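This report refers to the structure that appears directly beneath it.
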Amino acid sequence: MNKTEFNCDIEKTTILFFNNLSEKDKRLFAGLQSMGLGYYGVTEISKKFNLSKQTIRIEQ
């Protein structure tokens with residue numbers, strides 16, 4: 001398994017995990033993930049999980 005395949009598996013697992021969370025937990029998880037990504041974290045997580053940027057910023 002190369003690095004690209006590994007990253008793809010992580011993305012799929014993360015989205016699967018996210019889809020099984022409650023609404024409150026989804027917001028908390030998205031906020032945590034965006035903090036880990038740094039400056040453009042809110043934008044990236046907003047696109048990835050289809051959440052508004054405002055919702056993610058509230059949970060940071």
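Coordinate-derived values only; no laboratory data. Bear in mind the structure is a predicted one, so any value in this text is a computation, not a measurement. We place every Cβ from the backbone using ideal geometry, glycine too, and count neighbours over all the protein chains shown.
Remarks
- Only helical runs count toward this figure. For the chain, summing -39,500 (n - 2.57) over DSSP H runs of n ≥ 4 and dividing by all residues gives -25000 deg cm²/dmol at 222 nm.
- Cβ-derived FRET efficiency at R0 22 Å, D9 paired with L32, nearest 0.05: 0.60
- Radius 13 Å from Cβ of I56, net charge of other residues (Lys, Arg +1; Asp, Glu -1): +4
- When only the Cβ of Lys, Arg, Asp and Glu is charged (+1, +1, -1, -1), the dipole of the chain relative to its Cα centre reaches about 200 debye.
- Computed over the chain, Kirkwood Rh from alpha-carbon pairs, angstrom: 11.8
- Under the Karplus curve 6.51 cos²θ - 1.76 cosθ + 1.60, θ = phi - 60°, whole-Hz ³J(HN,Hα) for region 5-14, x wherever Gly or Pro sits: 5, 4, 4, 5, 5, 5, 4, 4, 5, 4
- Once the Cα-Cα distance is subtracted from the 0.36 nm per residue extended length, the L16 to Q60 segment shows a gain of 13.7 nm.
- For the residues K26, K12, K48, a GNM of the chain with alpha-carbon springs under 10 Å puts the largest fluctuation on K12.
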